Every structure is written in structure tokens, then in C-alpha cells.
Number of protein chains: 2
Amino acid sequence: MKKQDELVFLPLGGSGEIGMNFNAYGYGPEHDRKWIVVDCGVMFGRETSTPGVDVIMPDIGWLAEQRDNVLGIVATHAHEDHIGAIAPLWPMLRCPVYATPFTARLIEGKLEEAGLLGKVKLREVPVGGKLKLGPFALDFISITHSILEPNLLAIRTPLGVVAHTGDWKLDADPLLGEKTDEAAISKLGDEGVLAVVCDSTNALNPGASGSEIGVRDNLIKLVGTLKGRVAIAAFASNVARLDSAARAAMANGRRLCLVGRSMHKMVDAARETGYLRDLPPLANEEDAAELPPHKVLYLVTGSQGEPRAALARIAENNHPGVFLERGDSVVFSSRVIPGNEIGIFALMNKLAGRGIEVITADAHDVHVSGHPAQGELRQMYQWLRPQIAIPVHGEMRHMTEHARLAKSLQVPEALVPANGQLYRLAPGHAELIDEVPSGRMHMDGRILVAEGEGLAKARRAMAFAGLIVVTLVLDGKGRVAAETGLLTEGMPGSVEDAVREAVDEAARRHNPKKSDAEELRETVRRAARRAAQDAWGKKPVTRVTVIEL
Amino acid sequence: MKKQDELVFLPLGGSGEIGMNFNAYGYGPEHDRKWIVVDCGVMFGRETSTPGVDVIMPDIGWLAEQRDNVLGIVATHAHEDHIGAIAPLWPMLRCPVYATPFTARLIEGKLEEAGLLGKVKLREVPVGGKLKLGPFALDFISITHSILEPNLLAIRTPLGVVAHTGDWKLDADPLLGEKTDEAAISKLGDEGVLAVVCDSTNALNPGASGSEIGVRDNLIKLVGTLKGRVAIAAFASNVARLDSAARAAMANGRRLCLVGRSMHKMVDAARETGYLRDLPPLANEEDAAELPPHKVLYLVTGSQGEPRAALARIAENNHPGVFLERGDSVVFSSRVIPGNEIGIFALMNKLAGRGIEVITADAHDVHVSGHPAQGELRQMYQWLRPQIAIPVHGEMRHMTEHARLAKSLQVPEALVPANGQLYRLAPGHAELIDEVPSGRMHMDGRILVAEGEGLAKARRAMAFAGLIVVTLVLDGKGRVAAETGLLTEGMPGSVEDAVREAVDEAARRHNPKKSDAEELRETVRRAARRAAQDAWGKKPVTRVTVIEL
């Protein structure tokens, strides 16, 4: 066992996917590493691959086994894919949580909902502040993103400095909150940086991501061209966008009305931490409904087509407080998150079918991304000039392109880590030294279940080919003692008939002297599946229950 | 009952969706209309909304009831969403099928696979030919699209001419096949057009779709910059693209090798109908595998991430004949069809993870759409100057924008039809006169099932919340006579425990003097669902079987 101090990096989420960021840094000799965790987020389940799963989070069992050595969770910013798993996973780590005020306020709300508020040591770090955690000394350096208070963390250790970017872009005018502290970042580069652990989301995009100020100007102009009610759909967490919507309303003689629970939650958190002091008075839904159509501007949740969010209900015309009709407009000040296309387009079709004009960011430049395109990545590497580039927060195609870009910028080493890969960053060259158990946990209903348990997979199998359940009743001598029960779900009637025939035939042939209940069960199962395959071309999930009297 | 002759239009598929095009035109008095069907296509099922369904086609039951009056199915071109439902739906109509030679050849192949070859009257119409079907006289006018032999149909009737565009674009140099017969189209406009029934796919896109010649040039250049093996992924039906791949190979000292069954099927159909006469000799997979990497160019199927197609197998490194490795490249000469993002990106991630460079159409202009953007739509309306614009082949958002555009071009009337809406086009103004039963049929396994039967929906419910099956055995007196059987699928163990307890409790409380088997079944069903909801937050599909001894 090595006694030498080492600095190691271990992603347990976010490497290979955009979402559920979870990065651990370890310091010390192998048998007694102290750990800090940077970000602890979720990603959203998909009906395709994980039906019935709302959110997915990293399996952190390996780290939880050494939780006495986990010094804290540090959140870079308040997006769900960075803080959404703190409440559900905290019981496995039971360590303090650190964040700047706005982020801390939102984490607090989540802990409260989870009944953990009194239990978790949640510590505020001032914007631009510092934090000492064992061998780690962290500087919170302000950067820009699509939310308030994004931070680049300078993680100082005796073996070198890691710059962990979090999610970022370079927005010269973010409208609200701090600007990017370019001086601090370039000073960090001058001091010497061992490794940069960096956002890869937009590494395939040339150029730059653009500024919120441009979006504000375009929203003001666009709203000026619209006649009836206007609803802007945007991500609730983008508080600058909300402020821009307020200004677009004001500039065009409209009053802003927020619609959707998360919209209000974000505004409250922003106000409680000192932002939005000069936001004009908002109209509530009742007041807005009384205004003439050209006097109102709604800012609504649900830009991703989420079926329970405000915009979906407005489109279905069953929102309790907001009514749109022919001549009104919906502006999508948002991007289409890959995988959400069908739901978003279905929503747009409903609106268009009701004569409501649908205006997208494509056509009117009313959205900018919060992640660095290649031009911004280049700038970051020029500032920091690290020994090692470590792309995270991306799918493989983003991370490999990011690594290629870093190499082209003369960064000597570029890793493309996978979740569970433990890299030594120092001393010596970066090296993969271990692979630890990793994976995903599904929030399945209210229960946290390991992906490996296969519940979602089992349900998917039923979604594809339906289900057959056969019930056999045997008497004390192992003879079939009642009519065979057959139940199918999601299968055509003619196939059910064929299966029934096959099952009855198999039961009839059963000879308790030659085969026992277990053999009968297997015979019947095979007969049922074969009959379905022959009649239908699909093999349903097939279960046989034997009841012995 | 009206005895006056009328010209009517009835879409049964393709209005409100991109796919499963099926348009019927009727002529005659209401009680004795003669019908022609233009196109008869499928759309593909989605795991999200229709798990276990490969293809979806229109429910044509209403038209099938009058099949003696259906004079024929006319195919505009050979894409699946225009001809894919001919074989499965033909038995409901039993009418002749008409198409130009390349399209007819591909329909023939499908009929052969379905065992219908001898039964269906399949009639070839020459390119640029004419066809008389009862009161309808059709001119096949050549236009351009992303396949050989696309046709605009001029449908002449005593009450006016309908121009049915099929799928189209304006490609000044389509490379193979006929150019757009602009003279014939503008002459049609000069003669006077009652209605244009027109492709809406790209009605949201400004500008023009671009030409295959540009793609060819860019492919030749791009392949010249690549070092190892190159695989181009493209839609098999785009024969011009295949020819361009051959030229990109030749220009760069490579040999072209086709990979994927549908690629070969298309080349065969093209050759049999007189195209691709000067295609350089192709390498087969064995020969190609022997060539040095920089001497081979594969053209492969699977650009949409289809799991069983060539490219998916190549990415998984389990294709029997094609091997790619670090330093090789895959060029996506295709677009991402909405809904396929996640599958395509997963495929790209696999390739990127193996060190294979992934090159997309976004970055290198190696794909153009086959559908008209706004500039091309404008040109078409300028040529035809119809009385009525009828957008089809689009979602609602495309069709409403298309209608808006037509109105802005001074077309007096613009309809936005829904499937099942029967419009009178003449005499008099266009008018919705009836709504006939319409809907979708699912090819579920090998069985055609009405969407309304709810099989896919039932399976989806199981995918979301799993399944509980309870089996109760009652004796002759209605008493519980054996241990209650419980079987669950896709549910956490702790929830199963809670359900078992609730079910056992309900069975224990059963008093055959107070409630019968049916009441017991319902009591148990409710107890099981309530227990699951309490423990899990989801209500599984719950079925209770009662076996009476």
C-alpha cells in the first residue's frame, strides 16, 4: 500500500452523459484519502429507456463506504444536474454542503421538501469566497452561465491546483449577477494549473454562445411586433431571462405575469439573496386575465413540453389561470433539449392548431446557450494553460472533441474519463489507476432503485411484447385440479386464443408421475411463448404460477 | 341526397403528421363517388408512444366500405411513407396500383414479400406519362426530391384541376433522373389550377433546400481530407447520393462498397429501370476488407441509429463484414429525423469512444433536404396560382405556416385539413362537408391492430408502473381455498411486500356469506393498488384472477 500523498480525480456521474454531475477529488495516501465532492446532480428519465423513472442519479455506493473521509459536497451552481441529487443521496454521505447564497437558498428548499433541513450542515460561501476542507483550499471564482452565481472552483492542493469550471460560458453582459472574473482566472493560469476539469456540452459548436444582452434586445423588439397576448416560455432558472422578459413587457406597455411553480421559486430565491431589486411589479394570474390582451406578457414554464407544466396546460386550454386564443403568441425563449423533440413539437402543434402563433428561438434569436462553444473553450485554455485537460459534462462525442481541441491548443495531456475511472493527477503524469463500481440509481416512484436491479428494463420488455400469466392449480398428488388460468395484457385477442390452446394442451398432457410441478411450469411457459411467437412474431414476458392445494 | 357532381378531397393520413400519406380524391354525386387514392404509406412506431409497434398506417375502413368505387392507388414516388402501406392495406381495397417504373419495381418487391404479387394489378406509367381513371385524368409531371422518379400529379376532372405535388424540392441539378419539368408546371398554372395539395415538411424553413450537386462536391472534398477507412451513412433510397459516394470514392482513389440490405435493393431497382449505367464497379465486403484503409469507402445504412442496421452493428464492432477502428471516419450524409436524436447520438458516442471520427452534415454541408423550403414553396405558388392551397404532409405547425405563406402569396383560400375531414373542392368555394372515421392501424408484431384497441397503450401503462397479478382460489362454497398467489413485474421488492400484506389481509377478511367472488376480486384489486400507491407512489396495472374449484 502506497503511503505517498496523491491527488486523484473520480467522476461518478456526468462523464459520458449531460446530466447527473458528480465529481470527487481525493487527496492523501491510497489507504487514507480525504475526499471532496463537486456537484451532486440528477438527470431526467426517458420513457424510452427508463419508463416510469422520473430522475436518475449516480450510484455513489463506493464513495459512501468511506463517508467518514468525505469532507463535503461543494455545489458550483444551482441547476438540477448539479444539485438535484443532494437531498436523495445525502443520507449516504452525511457530510456538510457548501454553496454560494443563491445556490444555498435553492438547496435549502430541496432539503426542506425532503425533511432534511435540520440534519444537513448547509454552509454559505460568499460570492468570490474561499473554503478550506482538509487538504483542499477552494477559491470560488465568478464566471457566467444561464443562472445566477455560477462558480469556477480553483481547488488548491499541496500537489497542484485543479480548475473545476462547472458549467460556464463567457457572457460579457450577463445582465444580473457577477461578470466572469477574468483577472482571477488568468492569474490562476499565471500561477500554474495542474488540471482543468471542464464543461464539454457545446464542444462540437464553433464560435461563441452569445450574450443575454442580445436576447434581451431581441425579446424587446419581438414583443413589440406582436398584437395579442404573449407568452414567453423559458427555463425558470434563468433569472436574467426573467428580468429581460420584465423589460420586454415594460418597453411594450405590458405587465409581466409569472406562471408555474418553479418560476416563482426562482424569483423568491433570487430576491431573498439580493437580486431583482428593481423588478417592476408583477401581475398575478387573476389580474393578468383581466387585462386587455395587448397589455399582458406571461413568462411560463414548460418549454420542454413537460406534460404537467404550465405551457402544456395552457396549450390544452385547461390551465386554471391562463387563457390563450387565436391571435395570441407563444415565444420559445429556449432550446430543444435532445430527446424532448417529440413532446415539444406536439405542444407546438396543439398551439398552432388553435391559431396561436408559435415563435421559436431558431427564427428570432431569442435564446443563447449557457455552455462554452469552441471559441470560449479556446479562451479558457489560453488563460489557464494546464498540464492536463479533463473534459466532463458531455457525451462521448463531446468529450472526445473537447480533448482533441485541448490537444490542438498544446495542452500536454488530455483524458477522456468514464464514470468510475479513478485517475491520479499527481504526482507524475496523469494515469488511470483504478476503476471503481459506478452506475445509476433510478428514482422509481418514491423509491431509489439501482439501475442494475432491472425494474425499468423489465417494464420495457412488457411494453414491447406484453405479458402472459398462466396459473396452474395442482392437487396434493400433483394433478391439475382446476381449469388453467390465463391472463394476458397488451396482446391481440387472436394471439391470446392461440396461447390458451397451447397452454391447455400442455396442462392436459401433464403426467404427475413423469414430471413435477417445476417441470410443468417450464413446459407451460415454453408452450405459451412459442404459441405467441408463432401467432404474433413477438415473445411476451411469460410467468407461470403454480398453486398447490 | 345530392345528385350534382362534386370533386372532394379526403386525407386519411399525412395531415397532422409527417408520414403515412394517404389522400383520396372523389368525384361524382354524393351517393356514387368514384375514388382514386394518391399514396399509401406508413410511419414508424416510437418506443415512447407505441412500444412494440414497428410501423403505423392509416385506418382506411371508411374507404374500404366503398372499395368497388376505388379506381386505383397512384404512387407519387417510392418512399416508405408513400408506398409502405400498399401491401398491408391492399386487401382492404383490392384495386389496381399505378406508378412510374422505379417506384413500381420497389412496390413489386414489397408485394412479393407479402405474397401478393400475382394478385395485385400493378401497372407501370412511363415517366412523364398519363393515366385515365374514370372521371380522373392524371399527368405525371417530373419534379425533384431525394429519390428517383418523384412526380407531381396533375389530376384533371370536369370540375377543375388539382395539382398534387407529392414530396418535392427544386433541385437544379438532381444528378440522376429527370429535372423538374418547370415548363409543364407553369403551363398547368396558365391553364388554371383549382387546388394545390402540397408538401409542408419544411414550411418553417426560410430559403431553399439546396442541390445534390453541392453535396457531391463537398463529399468529394471531404473524403479527400480523410486518412483511414471512410464510411458514409445515408438514406438508401437516395440513389443520387449513392452515385455521389461512388464519385467521391473514385476521385480519391477509393473503391465503393455498399453495406446494408436496403442499399443493395435500391441499387438493383435503379439498375433494372435503367439508372446507374456508368456506376464504377463496386467492391463487395470481402474485397473491401482486404483493401488498405485509405482505399475503401463504405456507403452504409443506419444513419438514424436503427439498432439492427449496418452502422449500429459496425459501431458495436459486431458487423460480419465491416470493421472500423481508431483513425477511421464515419460521415453522416443525412439529417436527424426528429425523435431519433437519442439513438443517433448513442451511435455517435459509441463510434467516438472507439476513436472513430464522427463527421456530421451540420459541420460539412454533406446533406440537403428533399423538401421545399419557403423559397421553393413561393416559386410553386407563383407557377400554379391556384384558387385553393391545401397543405398536407406535415404536423400542424408546418401546415398552419404553409397556409399562412400561401395566403400571403394571394392564394384566395387555404385549408388546413385533418385526417378524416372531407372537403368539397368544387363546385363553389372549398368547404368541409363531412368528417369520416379515421385513425391509425398498428403493425404490432405481425398483426394489424387498430390503435383504438389500446394494446400499445396497455403495454405503456405497464412500462410506467409495472404489474400486479393476484390469483385467488375459491372452493365450491366461495371460500378461499389456497394461499393467495401474487406475482409482480417491474416493481421494487419492498412494494411487493406491502402489496402481499394488503392482499392477504383482504383475502383473510373475505366472508363468502357477505360478498361473492366478483366483490372479492374488486376488493382485492383495490387493496393491492392502494398498497402500491402508498408504498411507491405509483399505481401498477392490477389484475385479479379467481379460480373456482
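The values are calculated or read from the model by the stated rules, or taken from the named source; none is laboratory data. All values derive from a computational prediction rather than experimental measurement. Neighbour counts run over all protein chains shown; Cβ positions are idealised from the backbone, glycine included. Accessible surface is based on the protein model in full, side chains and every heavy atom, while ligands, DNA and RNA are left aside. Shrake-Rupley method; radii C 1.70, N 1.55, O 1.52, S 1.80 Å.
Mind checking whether some residue in the stretch A:278-296 is closer than 29 Å to A:E47 by Cβ and either touching a Phe, Trp or Tyr at 6+ places or on another chain (Cβ under 8 Å) or away from chain B (no Cβ under 14 Å) (or both)? I'd like the intermediate steps shown before the answer.
Within the stretch A:278-296, the first condition is being closer than 29 Å to A:E47 by Cβ, and the residues that meet it are none.
For the stretch A:278-296, residues closer than 29 Å to A:E47 by Cβ and either touching a Phe, Trp or Tyr at 6+ places or on another chain (Cβ under 8 Å) or away from chain B (no Cβ under 14 Å) (or both): absent.
Consider B:R530 carefully, then state whether it is open to solvent by 30 Å² or more (accessible area, probe 1.4 Å) and within 7 Å of another protein chain (Cβ to nearest Cβ). Taking the combined requirement at face value, the residue does not satisfy it.
To keep it simple, each residue is scored yes or no on (1) of a type in the set (A, V, I, L, M, F, W, C); (2) over 22 Å from A:S186 (Cα atoms); (3) touching a strand residue (DSSP E or B) at 6+ places or on another chain (Cβ under 6 Å).
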residue: A:V74; (1), (2), (3): yes, yes, yes
residue: A:I83; (1), (2), (3): yes, yes, no
residue: A:W90; (1), (2), (3): yes, yes, no
residue: A:E113; (1), (2), (3): no, yes, no
residue: A:P135; (1), (2), (3): no, yes, yes
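A Cβ distance below 6 Å, combined with a sequence gap of six or more or placement on separate chains, defines the contacts here; from the stretch B:426-437, residues that are touching a residue at least 60 places away in the same chain (Cβ under 8 Å) reach residues that are assigned to a strand (DSSP E or B) and among the charged types (D, E, K, R) in the pairs B:A430/B:E413; B:I433/B:R424. Give the residue that is nearest to B:L467 (Cα to Cα), with candidates limited to residues of the stretch B:502-543 that are among the acidic types (D, E) and more than 48 Å from the chain's Cα centre (by Cα). The selected residue is B:D504.
Residues in the stretch B:381-418 that are open to solvent by 20 Å² or more (accessible area, probe 1.4 Å) and either in a strand (DSSP E or B) or hydroxyl-bearing (S, T, Y) (or both): B:T400, B:S408, B:E413, B:A414.
Looking across the stretch A:496-523, just one residue is of a type in the set (S, T, Y) and open to solvent by 50 Å² or more (accessible area, probe 1.4 Å), and that is A:T523. Listed by first and then second residue, the pairs linking a residue in the stretch A:394-411 that is more than 8 Å from chain B (Cβ to nearest Cβ) to a residue that is part of a helix (DSSP H, G or I) and of a type outside the set (F, W, Y), with Cβ atoms under 7 Å apart and 6 or more places separating them unless they lie on different chains, are A:G394/A:H402; A:H402/A:L377; A:L405/A:Q374; A:L405/A:L377; A:L409/A:R378. Taking the stretch A:213-227 as the range and being touching a strand residue (DSSP E or B) at 6+ places or on another chain (Cβ under 9 Å) and closer than 18 Å to A:T360 by Cβ as the test, the residues that pass are A:L219, A:L222, A:V223, A:L226.
When you scan the stretch A:37-45, do you find a residue that is over 15 Å from the mean Cα position of the chain (by Cα) and within 18 Å of A:L133 (Cβ to Cβ), even just one? I'd like the intermediate steps shown before the answer.
Here is the first cut: in the stretch A:37-45, the ones over 15 Å from the mean Cα position of the chain (by Cα) are A:37-38.
Checking which are within 18 Å of A:L133 (Cβ to Cβ) leaves us with A:37-38.
There is at least one residue in the stretch A:37-45 that is over 15 Å from the mean Cα position of the chain (by Cα) and within 18 Å of A:L133 (Cβ to Cβ).
Inside the stretch A:15-34, can you point out the residues that are within 16 Å of A:L89 (Cα to Cα) and either among the hydroxyl-bearing types (S, T, Y) or more than 14 Å from chain B (Cβ to nearest Cβ) (or both)? It would help to see each step written out before you state the result.
So in the stretch A:15-34, the residues within 16 Å of A:L89 (Cα to Cα) come out as A:19-24.
If the condition is that a residue be within 16 Å of A:L89 (Cα to Cα) and either among the hydroxyl-bearing types (S, T, Y) or more than 14 Å from chain B (Cβ to nearest Cβ) (or both), then A:M20, A:N21, A:F22, A:N23, A:A24 are the ones that fit.
Restricting attention to the stretch A:48-58, which residues are surrounded by 22 or more Cβ atoms within 10 Å (Cβ to Cβ) and within 7 Å of chain B (Cβ to nearest Cβ)? Result: A:P51, A:G52.
Filtering the stretch B:319-352 down to residues that are more than 18 Å from B:V300 (Cβ to Cβ) and either among the hydrophobic types (A, V, I, L, M, F, W, C) or over 19 Å from the mean Cα position of the chain (by Cα) (or both), which residue is surrounded by the fewest Cβ atoms within 10 Å (Cβ to Cβ)?
Going residue by residue through the stretch B:319-352, those that are more than 18 Å from B:V300 (Cβ to Cβ) are B:326, B:338-339, B:341-342.
From the residues that got through so far, the ones that are either among the hydrophobic types (A, V, I, L, M, F, W, C) or over 19 Å from the mean Cα position of the chain (by Cα) (or both) too are B:326, B:342.
Numbers: B:R326: 9, B:I342: 17.
Here the residue is B:R326.
Would it be correct to say that A:G305 is out of contact with any Leu (no Cβ under 7 Å at 6 or more places or on another chain) and either crowded, with 22+ Cβ neighbours inside 10 Å or modelled with pLDDT of 95 or more (or both)? Spelling it out, it is not the case that A:G305 is out of contact with any Leu (no Cβ under 7 Å at 6 or more places or on another chain) and either crowded, with 22+ Cβ neighbours inside 10 Å or modelled with pLDDT of 95 or more (or both). For the stretch B:59-74, the condition of being open to solvent by less than 10 Å² (accessible area, probe 1.4 Å) and in a loop (DSSP other than H, G, I, E, B) holds for at least one residue. What about A:R543, is it facing chain B (nearest Cβ under 9 Å), among the charged types (D, E, K, R) and open to solvent by 70 Å² or more (accessible area, probe 1.4 Å)? Yes.
Look through the stretch A:416-444, keep the residues that are within 10 Å of another protein chain (Cβ to nearest Cβ) and over 17 Å from the mean Cα position of the chain (by Cα), and return whichever of them is nearest to A:I86 (Cα to Cα). Once the filter is applied, the top-ranked residue is A:A418. Of all residues in the stretch B:265-295, those being closer than 28 Å to B:N349 by Cα and either part of a loop (DSSP other than H, G, I, E, B) or within 31 Å of the chain's Cα centre (by Cα) (or both) number 4. Total residues in the stretch B:353-377 satisfying the condition of being surrounded by fewer than 24 Cβ atoms within 10 Å (Cβ to Cβ) and either touching a Pro at 6+ places or on another chain (Cβ under 9 Å) or among the small types (G, A, S) (or both): the figure is 8. Screening B:M92 with (1) among the hydrophobic types (A, V, I, L, M, F, W, C); (2) more than 14 Å from every other protein chain (Cβ to nearest Cβ); (3) open to solvent by less than 50 Å² (accessible area, probe 1.4 Å) gives one miss only, at (3). In this structure, is B:G493 over 30 Å from B:L89 (Cβ atoms), within 7 Å of chain A (Cβ to nearest Cβ) and open to solvent by less than 60 Å² (accessible area, probe 1.4 Å)? Considered against the rule, which asks whether it is over 30 Å from B:L89 (Cβ atoms), within 7 Å of chain A (Cβ to nearest Cβ) and open to solvent by less than 60 Å² (accessible area, probe 1.4 Å), B:G493 comes out as no. Candidates in the stretch B:348-364 are the residues that are more than 9 Å from every other protein chain (Cβ to nearest Cβ) and out of contact with any Asp or Glu (no Cβ under 9 Å at 6 or more places or on another chain); of these, the one that is farthest from B:G224 (Cα to Cα) is B:A361. Residues that are within 9 Å of chain B (Cβ to nearest Cβ) and open to solvent by less than 10 Å² (accessible area, probe 1.4 Å) within the stretch A:466-484 comprise A:G466, A:L467, A:V469, A:T471, A:V473, listed in sequence order. Taking the stretch B:455-488 as the range and being modelled with pLDDT under 95 and at positive phi as the test, only B:G478 passes.
Scan the stretch B:6-47 for residues that are in contact with a Ser or Thr (Cβ under 9 Å, 6 or more places away or on another chain) and assigned to a loop (DSSP other than H, G, I, E, B) and the total you get is 4.
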